[in-house]
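Below: the structure, in structure tokens.
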Amino acid sequence: MKENKELKQMIGKTFNDIANAIETGEFRKQIRIGLTTLGSEKGIANLVQGGEIAAKTAAGYQVVLIGPKVETQLEIQEANTEEEMHKKMEELLDTGYIDACVTMHYNFPIGVSTVGRVITPGRGKELYIATTTGTSSPHRTEAMVKNALNGIIAAKATGIKNPTVGILNVDGARQVERALKELNTNGYQVNFTESGRSDGGSVMRGNDLLLGTPDVMIQDTLTGNLLMKMFSAYTTGGDYEATGYGYGPGLGEGYERTILILSRASGTPVVANAIKYAAELVKGNVKEVAKQEFAAAKKAKLEEILKGLTKDTKKAAA
């Protein structure tokens, strides 16, 4: 009985894909973006509504809910606990049934961190915050250099061919600047931008955050997480994230799953935008972009540069 049910589902999906291809003129596999629906402080309905909004405006992708049964036209893969839900999510990703998934509070391995995406209030410009959750490296400045790569990958995968890069003026910024400039000299292109302040330079001030001066802003993950909360909820008093695209995809060398993070306070508009962000990453072949960028950075002696950073820290500590 179970095999017959799975066969019927497979046949049904095949016919749906054919119908969608005829309707859109795009004869390729329909992209499916998962959305888990348990764990939000705003309730299941908030997430489902975000999925429905994304589905209505979808260009070439479908939304699949992962969670308990609810009243909706969207497909549901049933799961009734957060543990069961994340297990189902991983299964659907690993089998290729869904191409990416938007979820909350997922534990990435060390070496993987997420790239957020916000709308800046100064100019209404999109800004990639690299990074916002996860740990690229236990070493602060090494992590920030890797955060830069992750930010560039996310921007390129979503259609920015040569993203501009700025480094937020936090502890370690000058070391990170030197490391990235060395990478650039060795052949890995880093498109530094200039601060909007009169003294310029690639180390950014607070004004540059509001203006969205670079495409990609680099900082440590803790600062990035705080920035995401400020940019997402500054109009609502803080308890409801109303703007932006969420905390973004987990990226890191060799990491294969495309999983994007929301906060438990993310509201319906952010949920819908996060799904759109996920679909853009899949269409832009983020996994292949990541492989190419990491390979190019390694060719430009990334590993030697990172070893130099950790050696300098040990000397300073001594």
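Before moving on, here are some points about what is shown:
- Extension gain for N191-Y234 works out to 12.5 nm (0.36 nm per residue, less the C-alpha to C-alpha distance).
- Lys, Arg +1 and Asp, Glu -1 on Cβ, resulting dipole of the chain about Cα centre, debye, nearest 20: 680
- Inter-centroid distance (Cα atoms) of the range 277-311 relative to the range 212-257, Å: 19
- Calculated FRET efficiency for the pair H105/A242, C-beta based, R₀ 22 Å, to 0.05: 0.65
- Using the Cβ-Cβ distance between L74 and K29 with R0 = 25 Å, the FRET efficiency computed as 1/(1 + (r/R0)^6) comes to roughly 0.85.
- Peptides ranked, highest mean first, by Cβ atoms within 10 Å: ranges 171-184, 105-118: 105-118, 171-184
- Cβ-derived FRET efficiency at R0 41 Å, N169 paired with I44, nearest 0.05: 0.50
- Per atom type, the range 112-317 shows carbon and sulfur on 50% of its accessible surface, probed at 1.4 Å.
- For Rg/Rh (Cα atoms, Kirkwood Rh), the candidate list reads (i) 1.00; (ii) 1.09; (iii) 0.98; the entry that matches the value derived from this model is (i).
The values are calculated or read from the model by the stated rules, or taken from the named source; none is laboratory data. All values reported here derive from a predicted model rather than from experimental measurement. Neighbour counts run over all protein chains shown; Cβ positions are idealised from the backbone, glycine included. In case anyone asks, the SASA skips ligands and DNA or RNA and just uses the protein heavy atoms, side chains included. Shrake-Rupley method; radii C 1.70, N 1.55, O 1.52, S 1.80 Å.
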